[in-house]
Amino acid sequence: MIESIDWESAINTRRSTRSYTMESVEEAKMNLLKNFVSNMQLPYDHKVKVQFFKANPDKKLYSVFAAPPDNAAFIANTDTKSISSVGFVGELLILYATSLGLSTCWYGHYLLLELQHNMPQLGAEAENQNIKWGYGKQEAEGERAVCITPIGYWKSEGARIFDRMQESLISYKRKPISALLEADLKEEMLPSEILYAIDLARKAPSAANSQHWRFKVSHDFKVVSIAMPENYKHIKWEHPNVDVGICACHFWLGLVIKNVQSKVYLTEDEGRALWRFEL
Ligand SMILES: Cc1cc2nc3c(=O)[nH]c(=O)nc-3n(C[C@H](O)[C@H](O)[C@H](O)COP(=O)(O)O)c2cc1C
């Protein structure tokens, strides 16, 4: 069971925000976020940790904007399934924060050294491995902060040029469902509940808005699979399986909204996370 909030409008109103006031999130809202994380019940097993932390606005943590006081890190092992799970779990938190009127931004290319100053428990990997952004491409031993997000309030005036550019060029724009279906599947063949869930899924955020997820639906409409195309390589982002997990999260929420029961399986196929929903 997942908390009953208006997930559809959270999905439709969430945007990546890259300009924040320096206001802290009120204690009552922080407590709601923390309770949500502690009580989150997912339809599959996972070990992703969400850790809230305070950042210093005078230090560079996000490459293109000053960090607000409150932030969260999504921490997991770095095998394919754990990485994709970060997307599923992290997006639930991000959508829940959106429903509380908070702004967020999925961030993969944060500055690791600064994150380690904010969260010393992460250890001294950056110095040891000479990694500047995130934790690098390769699977590493132990847990890493795969992505982070600011949690705060949008500063409408003073949005930087980069922010405005992102908004007009890449944010909002999403591929139509017809471009995301595998094989000879046509949108009009799909039962309305599946179509609804795919429509929410295609609105998922992805690094550089690449939307590299594809949907496969079995002929009897009992199984829906979500994965990136075989041999897919993202030019700028090391962990496209995170994005596929975010997409799977939106799809699952779509099924929950339509009261469709599903069994959810997360497996791996040569570096690709495969999400399988049995309806
Ligand atoms: C996994 C992930 C990592 C991201 N990393 C960054 C980042 O490092 N820097 C950044 O400016 N935006 C980052 N984004 C935000 C995307 O650019 C944004 O989600 C996309 O352009 C769609 O816009 P929207 O979130 O406003 O719908 C990331 C998004 C995702 C899902």
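The values are calculated or read from the model by the stated rules, or taken from the named source; none is laboratory data. The model shown is predicted, which means the values in this text are computed figures rather than measured ones. Cβ placement follows ideal geometry from the backbone for every residue including glycine, while neighbour counts extend to all protein chains displayed.
At a glance:
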quantity: Residue, surrounded by the most Cβ atoms within 10 Å (Cβ to Cβ), within the stretch 209-234, restricted to residues that are outside any helix (DSSP H, G or I) and within 15 Å of the ligand (Cβ to nearest atom); calculated: 213
quantity: Residue, nearest to the ligand (Cβ to nearest atom), within the stretch 48-76, restricted to residues that are under 16 Å from the mean Cα position of the chain (by Cα) and either at pLDDT below 95 or surrounded by 18 or more Cβ atoms within 10 Å (Cβ to Cβ) (or both); calculated: 74
quantity: Residue pairs meeting the criteria (Cβ under 8 Å; at least 6 apart or on separate chains; first closer than 11 Å to residue 145 by Cβ and part of a helix (DSSP H, G or I), in the stretch 105-121; second within 16 Å of the ligand (Cβ to nearest atom) and not hydrophobic (A, V, I, L, M, F, W, C)); calculated: 112/132; 112/134; 112/135; 118/71
quantity: Which listed residue is part of a loop (DSSP other than H, G, I, E, B) and modelled with pLDDT of 95 or more, from 24, 9; calculated: 24
quantity: Residue match in the stretch 192-202 (condition: touching a residue at least 24 places away in the same chain (Cβ under 8 Å), of a type in the set (A, V, I, L, M) and within 16 Å of the ligand (Cβ to nearest atom)); calculated: yes
quantity: Single condition residue 81 does not satisfy, out of (1) basic (Lys, Arg); (2) over 25 Å from residue 264 (Cα atoms); (3) surrounded by 15 or more Cβ atoms within 10 Å (Cβ to Cβ); calculated: (2)
quantity: Pairs, first more than 17 Å from residue 109 (Cα to Cα) in the stretch 223-238, second assigned to a loop (DSSP other than H, G, I, E, B) and within 16 Å of the ligand (Cβ to nearest atom), C-beta under 6 Å, six or more apart; calculated: 226/213; 228/212; 232/212
quantity: Lone qualifier among 94, 5, 75, 83 - being among the aliphatic types (A, V, I, L, M) and within 20 Å of residue 262 (Cα to Cα); calculated: 5
quantity: Among the residues listed as 237, 252, the single one being part of a loop (DSSP other than H, G, I, E, B) and either in contact with a strand residue (DSSP E or B) (Cβ under 7 Å, 6 or more places away or on another chain) or not assigned by TED's automatic domain parsing to the domain that holds residue 16 (or both); calculated: 237
quantity: Residue 179 surrounded by fewer than 17 Cβ atoms within 10 Å (Cβ to Cβ), modelled with pLDDT under 85, more than 14 Å from the ligand (Cβ to nearest atom) and in the same structural domain as residue 218 (by TED's automatic domain parsing); calculated: no
quantity: Qualifying residue in the stretch 240-250 (condition: surrounded by fewer than 21 Cβ atoms within 10 Å (Cβ to Cβ) and within 16 Å of the ligand (Cβ to nearest atom)); calculated: no
quantity: The one condition in (1) at pLDDT 75 or above; (2) away from the ligand (no atom under 16 Å from the Cβ) that residue 108 fails to fulfil; calculated: (2)
